[in-house]
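Working notes, beginning with the structure itself.
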Amino acid sequence: MVEVVTLYETDTTGTMFLWERSDEKRPWRCVDTINVSVGRNGLAPADTTYLNHKREGDGCSPEGIFPLTRVFSYNVLNNLSMPFEQVDTNDLCVDDGASVYYNMLIDRDTAQINDYNSFETMHRKDRQYAFGVWVDYNTPAIAGNGSCIFLHIWSSPGHPTSGCTAMAESDMLKLIHWLDAKQFPILYQHHLKPYENN
C-alpha cells in the first residue's frame, strides 16, 4: 500500500508511506517514507456525495483508495514487477470530458476517432513524466470528475501539481521498482483534519 497523508485538505505537501504485509492476517510494516507534493488546491474526495468532490481542472489531487495499475517511462525499463508502457511523443492522456477517450492513454497515430480538444502529452520536455505510475482513478470514467492522475516526478521540491502526486526522481525510481502487481498495490490518499466544509 502506498499511503499519502496531508494534515489539512488544502495542504500541497505531505508524506508518502510505503507499507507491506505478507498476508491479510499480518500487521502492516512501513518500509520507507517519501516527501511528496499534491495538487495546488490540496485534496478533494473522489466520493461524489461530497459537494466539494474531485472535478476536472480543480487543481486537487483525489482523496480515496485507488489501484496502481502500471508504470510508464520514456525509457525501456527492466526488472519491474508491474505492467509497463513506454511512452513517446505520440502518447496522450485525454482530459476532454466530451471525448470517448476521456481519462485514457492513447496513441494519436492509431486513435480511431479524433474527438478530443484537450490532452496531456506524455513525453514532456520537463521530464516530470520520465517515470510515473498510473493511478486508476475515475474508472470507468465519468465526464468531469477528473482524469490523467499519476504519481510522477516533481518540477522542484514541494512544488504543487495540477492534481497528481509528485516526488523527487530518485524516490520515483525507488517506488516503481518496489511496486509489485502480484501484491495488488493501492494508493490510499487522505488528510488528517476534518473537512472544513462539505
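Readers should treat all values here as calculations from the given coordinates under stated rules, not as data from a laboratory. Model, not experiment: these values are computed from the prediction. Counting neighbours? That spans all protein chains shown, and the Cβs are built from the backbone with ideal geometry, glycine included.
Assorted remarks:
- Residues TYR188 and SER156, FRET efficiency given R0 of 22 Å [Cβ-Cβ distance, rounded to 0.05]: 0.30
- Spacing of the two label points (7 Å from each Cα toward its C-beta) at VAL76 and LYS25, in nm: 4.4
- Rounded FRET efficiency, nearest 0.05, which uses the C-beta distance separating GLU169 from HIS123 and R0 of 25 Å: 0.95
- Extension gain (nm, one decimal) between GLU85 and ASP47, 0.36 nm per residue minus Cα-Cα: 10.8 nm
- Size of charge dipole - the stretch 2-191 - debye, nearest 20, with Cβ of Lys, Arg +1 and Asp, Glu -1, no other charges: 400
- Within the shell of other residues whose beta carbon sits under 11 angstrom from the beta carbon of CYS148, the net charge comes to -4, with Lys and Arg scored +1 and Asp and Glu -1.
- A Förster radius of 30 Å combined with the Cβ-Cβ distance from VAL100 to THR69 puts the calculated FRET efficiency at roughly 0.90.
- Fraction in percent of alpha-carbon pairs per bin - 10 Å, the stretch 125-177: 25, 49, 23, 3
- Contact order, relative form, for the chain: 29 percent (alpha carbon pairs under 8 Å, 6 or more residues apart, mean separation divided by residue count).
- Inter-part distance where the stretch 131-147 and the stretch 33-60 are each reduced to a Cα centre, Å: 12
- Think of the chain as having a plus end and a minus end, set by charges on the Cβ of Lys, Arg, Asp and Glu; of PHE184, PRO140, SER61, PHE184 sits farthest toward the positive end of this dipole.
- Other residues lying with their Cβ under 12 Å from the Cβ of VAL71 contribute a combined charge of -1, Lys and Arg counting +1, Asp and Glu -1.
- Cross-link partners of LYS174 among lysines, defined as those whose alpha carbon lies under 21 angstrom from its own and excluding same-chain residues fewer than eight positions apart: LYS182.
- Fraction of C-alpha pairs exceeding 17 angstrom in the stretch 52-143: 55 percent, rounded to a whole number.
- Spatially proximal aspartates and glutamates relative to LYS125 (Cα-Cα < 14 Å; intrachain offsets below 8 disregarded): ASP88, ASP91
- A crude spin-label estimate for the pair ASP136 and ARG55, with each label 7 Å from Cα along the Cβ direction, gives 2.8 nm.
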